[in-house]
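Undergrad: What follows is a structure written as structure tokens; I'll ask about it next.
The values are calculated or read from the model by the stated rules, or taken from the named source; none is laboratory data. Just so it is clear, the structure is predicted and the values come from calculations on it, not from any experiment. We place every Cβ from the backbone using ideal geometry, glycine too, and count neighbours over all the protein chains shown. Quick note on the areas: whole protein, heavy atoms, side chains included, nothing else; ligands and nucleic acids left out. Shrake-Rupley method; radii C 1.70, N 1.55, O 1.52, S 1.80 Å.
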Amino acid sequence: QVQLVESGGGLVQPGGSLTLSCEVSGTIFNSRTIAWYRQASGKEREWVALIGTSGLHNVASALRGRFTISRDNAKNTVYLQMNSLKPEDTAVYYCAASTRIWGTASPREYEYWGQGTQVTVSS
């Protein structure tokens with residue numbers, strides 16, 4: 001059974017940083033593309049970033065320069081480093097796994113999803 005568990009969310013002041021983790025179990029981690037999405041209250045789910053099996057990655061254009069995605073295959077974990085956080089980054093952040101070696105922003109490609117971790121950016 002494939003499981004994804006997000007952690008690292010919390011309350012942070014504007015301008016601060018957080019690193020989210022997504023630990024994956026029950027599958028061959030290095031054969032899966034992993035993506036991060038977020039959903040703010042009352043808004044649609046938004047793609048944030050993805051990383052393929054080779055380590056090739058992509059970040060939503062509006063977030064480049066502030067958000068970075070990486071993976072540690074030895075730890076079956078993908079990280080989302082978020083810097084210079086803004087109140088509009090407040091959302092529940094989800095990670096998702098695909099069976100493909102590369103992916104797109106379409107959530108339909110991702111078969112498995114975590115439960116999410118709340119990120120709140122507020123003073």
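Undergrad: List the residue pairs whose Cβ atoms are under 7 Å apart, where the first residue sits in the range 30-58 and is farther than 15 Å from G103 by Cα, the second is open to solvent by 50 Å² or more (accessible area, probe 1.4 Å) and outside any strand (DSSP E or B), and the two are 6 or more positions apart or on different chains.
TA: Listed pairs, sorted by first residue: Q39/R45.
Undergrad: Sticking with this one: Quick one: which of A35, A62, A49 is at pLDDT 95 or above and closer than 15 Å to G116 by Cβ?
TA: Every option except A35 fails the conditions.
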